[in-house]
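Asks: Have a look at this one.
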């Protein structure tokens with residue numbers, strides 16, 4: 001993984017990018033629908049390798065029965081699978097949601113711990129899921145790097161990495177806590193709806209003149 005060695009230039013440029021992303025998309029929140037903390041945790045688990053839109057389609061029926069972790073104690077695994085069957089890997093996700101719910105209900109009195117390391121010991125909860133939950137529920141300064149953030153940060157030449165995990169480590173170093181608080185949602189939305197993986201909307205992008213990706217494809221077309 002690579003970051004600019006010119007820290008003064010990199011930081012000044014980064015601040016301009018963050019300002020654009022925040023002023024354009026900063027008022028919007030996570031696109032997963034939920035009402036309770038445990039419902040958020042379930043939705044984030046379900047969103048792995050599945051779109052938020054698809055998760056929002058199937059969770060209403062499930063969430064009518066499950067508001068807190070303890071609600072799962074009387075629901076058979078087969079019933080959970082039936083409600084969640086239209087997301088990828090629904091069998092595994094159903095089992096992990098039930099197992100995690102049991103842990104939270106029995107050991108943490110239905111409260112989701114605000115501890116990054118501890119959350120990752122629960123079934124199916126990796127660092128990305130843990131960061132999402134802690135940032136949204138407790139406003140903790142975490143950026144959870146998905147494919148959108150990985151793509152945007154590399155196209156804008158803020159990092160030069162090959163994997164989201166490498167991007168995550170870079171951003172953890174170069175971002176201040178305040179920047180971590182505000183960066184994630186705007187960047188995801190920018191990547192999801194504008195700086196898309198296929199056919200990005202470069203010509204209408206307000207920061208195209210600062211974008212290395214745009215300059216590269218423009219030079220290729222000349």
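The values are calculated or read from the model by the stated rules, or taken from the named source; none is laboratory data. Remember, it's a predicted structure, so these values are computed and weren't measured experimentally. Counting neighbours? That spans all protein chains shown, and the Cβs are built from the backbone with ideal geometry, glycine included.
Asks: Give the stretch 62-86 a look and list any residue that's farther than 11 Å from residue 42 by Cβ and modelled with pLDDT of 95 or more, or say none.
Replies: Just the residues of the stretch 62-86 that are farther than 11 Å from residue 42 by Cβ, to begin with: 64-65, 70, 73-79, 81-82, 85-86.
64, 65, 70, 75, 76, 77, 78, 79, 81, 82, 85, 86, listed by residue number.
Asks: Looking at the stretch 12-28, can you tell me whether even one residue there is at pLDDT below 95, outside any helix (DSSP H, G or I) and touching a helix residue (DSSP H, G or I) at 6+ places or on another chain (Cβ under 8 Å)?
Replies: Among the residues of the stretch 12-28, at least one is at pLDDT below 95, outside any helix (DSSP H, G or I) and touching a helix residue (DSSP H, G or I) at 6+ places or on another chain (Cβ under 8 Å), which makes the answer yes.
Asks: Quick check on this structure: which one of 40, 72, 77 is in contact with a helix residue (DSSP H, G or I) (Cβ under 8 Å, 6 or more places away or on another chain) and surrounded by 20 or more Cβ atoms within 10 Å (Cβ to Cβ)?
Replies: None of the others qualify; the one that does is 72.
Asks: Let me ask something additional. Sort through 119, 84 and tell me the only one that's surrounded by 19 or more Cβ atoms within 10 Å (Cβ to Cβ) and within 19 Å of the chain's Cα centre (by Cα).
Replies: Only one candidate passes the filter, namely 119.
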